[in-house]
Amino acid sequence: MTIHLQRELETIRRMLLSLGALTEDRFRQAIHALNDLDVELATEIIEKDQEIDLKEVQIEEECLKVLALHQPVASDLRSLVVVIKINNDLERIADLAANIAMRVKTLAKKASPSGFTYDYRPMAEKAALMLKMSLDSFVHDDDAMAETVRLMDREVNAMRNAAYESIKKAISQTPHRAGYLMNLFLVSRHLERMADHATNIAEEVIYMRRGEIIRHTDFMDE
Amino acid sequence: MTNEIETIIHTQDLSLFYGDFQALHDISLPFAQRQVTALIGPSGCGKSSFLRSLNRMNDLTSGTRSEGAVIFEGTNILEKKIDVVSLRRRIGMVFQKPNPFPKSIYDNVAYGLVVNGIKNRSIVAARVEKSLKQAALWEEVKDRLHKPALGLSGGQQQRLCIARALAVEPEILLMDEPASALDPIATQKIEELILELKERYTIIIVTHNMQQAARVSNTTAFFYMGRLVEVGSTNALFTKPVKKETEDYITGRFG
């Protein structure tokens, strides 16, 4: 019976890693679409989001089945709960990638060749790296790497604040461009939320390893 | 933990021998008052032997010998001079298989009172009713108190045995796999009963059913090969056990 449970847990883990890879890929595509204001790619990202939603539901159903049938305890219980939570974070990250794609479509319509723009590449790269590292820390059960991800979240928050200041100034200088600029600012909000979900994943890995819930244990920069 | 203040009974370096075989090795374990403590572990790990040491039930097996102490209200109950009948009144026991006497339902519950010298009929009747109510059996048997106890279902018989144990107003209730011979519905009733009884009694329960230990107890102690491996709050033990042996046992990765 326990071998049966281990097999089920391994299957669920593989499903989650496949969702993780898909989500990372979606995030990368959103960054490309943003950098190039590529409307076609943005449209594709929005259309494909449902695929991730379906996978999320499948994983959750598998987890619920195992909870009901095996009633796991100790490390088995922790890893299952962690999968349920990471699953949710991944789905949210993919949603945010779709949100960025929506911003791209609006920005592309309203962009003017000589107008204000904001270089989100450093922030997007940082957030994407956090996602990659959080998933790596899950794969390798590496709580030290997960701790690093938590620290990186502060940098992303600072980048969001910098974008806010810069765009606020642009709005006061070119108030007739407020619509465009607000969309531009929303991108930073989406990226910052993606980094938050990557941080959640890292915190879940730490819970899996140590059995301690460390969320909310230090001050929030928000 | 709060154990220090509220400990009702504790063992000190308790070892138990069956002839040459040492069944328990130096077990020191406190039990908090009005809490449920579950003892878990594989067959032969010593958990039942330990439970039976707490009211000297092992005396009934010839060739047993104990070392160390079991301290109940400041007295080592392993001492020869202890009156085991009165000890077992204060520390009652419910066994794995329901074992009602071949008497009426009423007489089963009244038995302990009569043995303990309570003769006043109205006191006995009141105590029988109270005990059957506490054991959540009263409604089912109040109209057939003088029918044979052996006519009850297994689950009812087990609750009758609990009522019988409660009738003499013990302080501690030892339960050795009280639900293992019962179906899921009867098991659920026993578990609900345990949760109610802990308001008044200290309960120590041996169970093979880990989910049951997790559901009903505040503290869980894991025994393996006659040794106490780990004891802690049930929540902690079932989510993040400290010892690898505990983890392996509760997740079923044993052996």
Quiz item: Hey, if you put +1 on the Cβ of every Lys and Arg and -1 on every Asp and Glu Cβ in the protein assembly as shown, which of A:I46, B:T7, B:F222 ends up farthest toward the positive end of that dipole?
Solution: B:T7
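If you place +1 on the Cβ of every Lys and Arg and -1 on the Cβ of every Asp and Glu, how big does the dipole about the Cα centre of segment A:148-222 come out, in debye to the nearest 20?
300 debye
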Quiz prompt | the protein assembly as shown - mean residue ellipticity at 222 nm from DSSP helices (-39,500 (n - 2.57) per run, n ≥ 4, rounded to 500) | solution = -19500 deg cm²/dmol
Exercise. Report the trypsin sites (Lys or Arg not before Pro) located in segment B:119-221 that are in a DSSP loop and have at most 10 other Cβ atoms inside 10 Å of their Cβ, or state none.
Key: B:K119
Practice problem: Treating only the Cβ atoms of Lys and Arg (+1) and Asp and Glu (-1) as charged, compute the dipole magnitude of the protein assembly as shown about its Cα centre; round to the nearest 20 debye. | Solution: 1700 debye
Practice problem: Go through B:T246, A:L37, A:A162 and say which Cα lies farthest out towards the positive end of the charge dipole of the protein assembly as shown; charges sit on Cβ, +1 for Lys and Arg, -1 for Asp and Glu. | Solution: B:T246
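How large is the convex hull of the Cα atoms of segment A:3-210 per residue, expressed in Å³ as a whole number?
100 Å³
Per residue and in cubic angstrom, what volume does the convex hull of the Cα atoms of segment B:1-111 have? Kindly include the intermediate steps, with their values, before the conclusion.
On the way: hull volume 15.4 nm³, N = 111.
So the per-residue hull volume is 139 Å³.
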Quiz prompt | Pairwise centroid distance, computed over Cα atoms, of segment B:102-137 with segment B:205-255, Å | solution = 36 Å
Exercise. Could you list the chymotrypsin sites (Phe, Trp or Tyr not before Pro) in segment A:122-203 that lie in coil according to DSSP, counting only those with at most 14 other Cβ atoms within 10 Å of their Cβ?
Key: none
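Could you give the C-alpha radius of gyration of segment A:1-114 expressed as a fraction of 2.2 N^0.38 Å, taking N as the number of residues it contains?
Against the empirical 2.2 N^0.38 Å value, I get 1.35 for segment A:1-114.
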Exercise. Report the charge-dipole magnitude of segment A:3-210 in Debye, nearest 20, computed about the Cα centre from +1 at each Lys and Arg Cβ and -1 at each Asp and Glu Cβ.
Key: 820 debye
Quiz prompt | For chain A, with +1 on Lys and Arg beta carbons and -1 on Asp and Glu, the positive-most of A:V149, A:A108, A:L22 along the dipole | solution = A:A108
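Is there a simple number for the mean count of other chain Cβ atoms within 10 Å of the Cβ of residues in A:206-212, and what is it?
The per-residue average across the peptide is 1.
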Exercise. Report the relative contact order of chain B, percent, no decimals, based on alpha-carbon pairs under 8 angstrom and at least 6 residues apart.
Key: 26 percent
Quiz item: Say each of B:E192 and A:L22 gets a label point 7 Å from the Cα, pointing the same way as Cα to Cβ; how far apart are those two points in nm?
Solution: 4.4 nm
Quiz prompt | Rounded Å value of the spacing that divides the Cα centres of segment A:6-73 and segment A:112-156 | solution = 18 Å
Quiz prompt | Directionally averaged shadow of chain B, computed from the convex hull of its alpha-carbon atoms, nm² | solution = 14.0 nm²
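Which values, in whole Å and largest first, are the semi-axes of the equivalent ellipsoid of the protein assembly as shown obtained as the square root of 5 times each eigenvalue of the Cα gyration tensor?
Three semi-axes, in Å: 64, 23, 20.
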Practice problem: Please tell me the relative contact order of chain A in percent, rounded to the nearest whole number, where contacts are Cα pairs under 8 Å and at least six residues apart. | Solution: 26 percent
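Each value in this text was obtained by applying a stated rule to the coordinates, not by laboratory testing. Everything numeric in this text was worked out from a predicted model, so none of it was measured. So basically every Cβ, Gly included, is an ideal-geometry build from the backbone, and we count neighbours across all protein chains shown.
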